[in-house]
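Since the structure comes first, as structure tokens, the remarks are kept for the end.
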Amino acid sequence: METQNSASLSNHKKIPLNIAGIIVTLGIVFGDLGTSPLYVMKAIVSAAGGNPNADFIIGALSCIIWTLTIQTTLKYVIITLRADNNGEGGIFSLFALMRKKVKWAYVIAIIGGCTLLADGIITPSITVTSAIEGLKIINPNIPVIPIVIMIIIALFTVQQFGTVMLGKSFGPIMFVWFLMLGVLGVSHIWDFPQIFYAFNPIRAVLFLIQTPSAFLVLGAVFLCTTGAEALYSDLGHCGYNNIKISWIYVKSMLILNYLGQGAWIISHPDLMSSNNPFYAIMPQWFLIPGIIIATFAAVIASQALITGSYTIISEAISLNFWPNIKISYPTQVKGQMYIPSINWLLMVSCILVIFYFQDSSAMEAAYGLSITITMLMTTVLLSIYFHYIKQIPIWIIGLFLLLFIPIEGTFLMSNMSKFANGGFVTILIASVLFVIMFVWYQGRKIKNSFVSFEKIDRYLPVLCDLSKDESVPKYSTHLINITRANNLDEIESKIMYSLIRKYPKRADVYWFVHCDRTDLPYQADYEVHEIVPGKVIRLDFRIGFKVQPRINLFFHQVIEELQAEKMIDLRSHYQSLNQYNIEGDFRFVVIDRIQNYDFDFGPFQQIIMNIYYVLKRIGISDIKALGLDSSITKLETVPLISNKKHNVRLKKFVPTPPADLGGL
């Protein structure tokens with residue numbers, strides 16, 4: 001018997017293209033990309049030494065335009081968004097498509113995921129700081145850092161209550177934001193009409209060849225495309241067509257604003273050293289409204305990265321990259337979640353970053369470095385996906401790599417040149433996250449290597465006889481064991497040891513429940529196999545990697561359906577209770593494997609396992625992770641037993657008889 005939740009799958013495959021969807025997309029997808037004008041041109045001028053000429057600005061703008069065109073439009077909008085996992089995007093969703101065929105690709109996915117999480121720390125810090133720094137134009141003595149900290153604390157505090165009401169306003173606010181960018185840019189383009197030469201790609205090439213500081217400037221140029229990875233990560237929320245169409249509007253407004261800032265810089269060289277060109281192009285009367293709108297846009301960009309971090313962690317848990325931790329669902333909106341530990345960790349990290357760097361300019365190196373590494377990892381994973389999954393000719397994949405690896409590699413080297421000036425922060429954060437993910441994945445792999453399976457057929461007579469043996473106290477009417485055996489005819493040796501030898505457990509019905517975390521994001525179906533009718537039943541759940549496993553709720557839903565179909569009888573098997581139609585009792589058993597110190601791991605494996613068990617204590621238990629009712633669930637521990645032969649063999653000691661002393 002099988003029941004499939006196909007509706008939940010199809011809902012995520014096709015999201016209709018409409019005006020409402022486009023507006024929502026502006027609020028969800030483009031916050032990070034859309035706030036880049038706050039600091040990109042300022043960073044470029046700073047890299048030039050504070051006094052750039054017209055050719056420099058036109059060349060830098062040409063690099064921005066063609067970076068947005070090649071990196072964001074071509075790579076992400078046209079190519080990457082097509083590599084969807086049943087409508088879902090993101091670096092972990094991409095890895096899920098290939099993990100069974102290319103298992104070693106997990107390292108690439110982990111690196112990309114860790115740097116993307118690091119970006120989730122840097123983005124709120126730099127965007128909110130950049131927005132509030134506009135107040136210095138009005139009052140140079142205004143305390144920026146305390147205001148930024150208060151906004152950050154408020155932003156992370158509100159997460160636990162859900163952001164549905166706020167989220168509904170994100171789209172309209174971002175529409176106004178992008179419109180403001182375009183209008184401000186157009187109002188200054190005519191200060192220097194020759195600024196349109198920036199559309200000529202030759203100006204970008206000449207800039208890179210002839211400008212001595214071009215390599216350093218590229219690190220600042222790259223900031224214009226830092227939010228491109230969000231296009232892919234938010235694919236499932238908005239849909240391909242809505243992202244594609246809204247990007248036309250977003251890109252147009254961004255380029256107009258960059259051109260306007262560039263024209264202002266060229267026509268006001270004497271004012272550049274003390275002004276952020278983004279705020280400088282605003283009329284004096286519009287400064288306060290402009291700063292308020294910029295702050296809202298910065299908060300929306302931060303919100304997108306915060307919720308994106310939750311999604312990354314939840315996917316990492318499902319893919320065995322992260323320890324089991326508590327996940328809450330503060331609203332009824334599908335997909336919206338809240339992870340307390342990650343929320344407060346992000347908040348503290350953002351505050352530390354803000355206190356360390358003090359201003360947005362100092363954060364630019366760390367910001368660019370994190371997302372550059374993520375983009376490189378996405379490029380590598382895409383090439384693997386094209387080769388192993390889509391079977392695309394190798395020469396086409398070669399052209400793809402030949403185009404994007406040099407571009408992203410150059411951006412990476414440019415940002416690495418600022419390693420000592422703040423870039424190390426990203427590497428430090430990502431490295432800590434990488435150790436956690438790598439250790440957890442390897443630790444699980446090591447533990448699984450000790451699992452042994454046996455044919456279940458040989459134990460069926462024993463279970464049937466045990467069920468009837470009244471000399472053994474009844475453990476439960478329905479006894480449910482969580483099994484890892486993928487094959488229907490197999491069962492873990494440790495489960496049978498628990499049922500028969502460790503402490504014989506008599507039950508009327510033995511259930512073996514298996515939960516398969518599938519590569520489809522929102523799959524949710526089950527299959528029932530009656531191994532011995534009415535006595536031994538196997539239940540297989542197939543749960544997508546974006547679905548929270550709630551085995552207790554799923555199990556009760558299934559048995560109610562089975563009872564309705566007259567397949568099982570849920571009434572208690574105790575005579576005194578059966579006559580009153582009282583439902584039978586249930587007990588779950590979960591087997592946890594712990595290290596047996598009768599043997600030693602190799603040095604590397606022992607380090608992995610030591611850290612693994614520390615992480616395991618920090619996370620939640622397997623019972624909570626599986627969504628089981630702790631009041632009716634027993635956690636049994638069994639040792640990891642190795643078949644390795646020991647060098648030490650005991651010999652029986654036979655004492656020597658005392659010598660005959662001749663009667664003395």
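The values are calculated or read from the model by the stated rules, or taken from the named source; none is laboratory data. In this text the structure is predicted, and so the values were computed from the model without any measurement. Quick reminder, even Gly has a Cβ in these numbers, built from the backbone with ideal geometry, and neighbours come from all protein chains shown. Surface areas here come from the heavy atoms of the whole protein model, side chains and all, with no ligands, DNA or RNA. Shrake-Rupley method; radii C 1.70, N 1.55, O 1.52, S 1.80 Å.
The residue pairs whose first member lies in the stretch 570-587 and is on the phi > 0 side of the Ramachandran plot, whose second member is of a type in the set (D, E, K, R), and whose beta carbons are closer than 7 Å, counting only pairs six or more residues apart or on different chains, are 581/571. Residues that are surrounded by fewer than 24 Cβ atoms within 10 Å (Cβ to Cβ) number at least 2 in the following helices (runs of 4 or more DSSP H) confined to the stretch 12-61: 19-28, 40-47.
For residue 394, indicate whether it is out of contact with any strand residue (DSSP E or B) (no Cβ under 8 Å at 6 or more places or on another chain), surrounded by fewer than 17 Cβ atoms within 10 Å (Cβ to Cβ) and free of Cβ contacts under 8 Å to residues at least 12 places away in the same chain.
yes
If you take the residues in the stretch 358-373 that are surrounded by 22 or more Cβ atoms within 10 Å (Cβ to Cβ) and either hydrophobic (A, V, I, L, M, F, W, C) or at pLDDT 90 or above (or both), which one is farthest from residue 145 (Cα to Cα)? Only one residue tops the list, namely 373.
Criterion applied to 113, 167 was being among the small types (Gly, Ala, Ser) and modelled with pLDDT under 85, and the one residue passing it is 167.
Scanning the stretch 477-508 for residues that are in contact with a Ser or Thr (Cβ under 6 Å, 6 or more places away or on another chain), among the small types (Gly, Ala, Ser) and buried (at least 19 other Cβ atoms within 10 Å of the Cβ) turns up just one, 507.
To keep it simple, each residue is scored yes or no on (1) in contact with a Gly (Cβ under 9 Å, 6 or more places away or on another chain); (2) within 25 Å of residue 228 (Cβ to Cβ).
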{"site": "348", "(1), (2)": "no, no"}
{"site": "351", "(1), (2)": "no, no"}
{"site": "357", "(1), (2)": "yes, yes"}
{"site": "369", "(1), (2)": "yes, yes"}
{"site": "386", "(1), (2)": "no, yes"}
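Here 109, 105 are screened, and the one residue that is open to solvent by less than 10 Å² (accessible area, probe 1.4 Å), assigned to a helix (DSSP H, G or I) and farther than 25 Å from residue 238 by Cβ is 105.
Taken as a whole, the condition of being open to solvent by 10 Å² or more (accessible area, probe 1.4 Å), under 30 Å from residue 212 (Cα atoms), part of a helix (DSSP H, G or I) and among the polar types (S, T, N, Q) does not apply to residue 123. Are any of the residues in the stretch 86-93 in a helix (DSSP H, G or I) and within 19 Å of residue 408 (Cβ to Cβ)? Within the stretch 86-93 (the criterion being in a helix (DSSP H, G or I) and within 19 Å of residue 408 (Cβ to Cβ)), the answer is yes, since at least one residue qualifies. Hey, among the residues in the stretch 620-638 that are surrounded by fewer than 16 Cβ atoms within 10 Å (Cβ to Cβ) and of a type in the set (A, V, I, L, M), which one's nearest to the chain's Cα centre (by Cα)? Looking at the filtered set, the residue picked out is 620. Across the stretch 210-262, the qualifying residues are those that are polar (S, T, N, Q) and surrounded by 21 or more Cβ atoms within 10 Å (Cβ to Cβ), and the one among them that is farthest from residue 116 (Cα to Cα) is 261.
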